[in-house]
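The values are calculated or read from the model by the stated rules, or taken from the named source; none is laboratory data. Remember, predicted model here, so these are calculated numbers, not experimental data. FYI the Cβ positions are ideal-geometry reconstructions off the backbone, even for glycines, and counts take in every protein chain you see.
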Amino acid sequence: MNSQSHAHRRFPENLAFTLNNRIRRFLQPPYQLVSKLNISPGDVVVDFGCGPGFFTVPLARIAAKTIAVDVSPRMLERAASYAKRSGVAVQFLTSSGTEIKLEDHSVDMVFLNHVFHEIEEKPIVLGEFLRIMRSSGRLVIVERTRGSRLFGGRLGPPIIDQTEVTQEMKRAGFAFAKTIPHGNDSIIIGQKPS
């Protein structure tokens, strides 16, 4: 299967409230996933495709610095509002990933949750991740790899073959580190070579 077979429309902004609300935080606590990432208090973390900040705030409570990146200014506004209400400091950047306005070798981890399948220019974006990452930095991609989609496939992320994700990582220059199961998702971790 090639990545084109997983074409998936970008998440509609008018449904952003479904991505970050009290009910979702209760049913799917973001800390359960974040706790599996071994983030150090000194780490600089990029939440790429942050949406309204569901994972941004938990990441910011652990990492030294969290940078939320999204292609949508409206999503970034929602994430900024949530971060402010939560009392955490976050830097916000608008980007599709083809050009990320961060210094070379300045980031310890890039985190993507149900976003990788939406990236159109994967080799370019993965190249940007490599550029901004420090030596031995980690790329964390969370995608649905099993289970079924809601309402006959009309809602929710597509089911992705994790081998396809690891192959994309390797082609871009990352070393595959490991996969951690998380419900119907897989946390696929790559590492920038030292």
Qualifying residue in the range 50-64 (condition: at pLDDT 95 or above and part of a strand (DSSP E or B)): no
Residue within the range 94-103 that is surrounded by fewer than 17 Cβ atoms within 10 Å (Cβ to Cβ) and without any contact (Cβ under 8 Å) to a residue 12 or more places away in the chain present: yes
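Could you grab me the full set of residues in the range 71-115 that are in a strand (DSSP E or B) and at pLDDT 95 or above?
Taking the range 71-115 and keeping what is in a strand (DSSP E or B), we get 91-94, 107-113.
The answer is 91, 92, 93, 94, 107, 108, 109, 110, 111, 112.
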Within the range 65-92, tally of residues that are among the charged types (D, E, K, R) and touching a Leu at 6+ places or on another chain (Cβ under 6 Å): 1
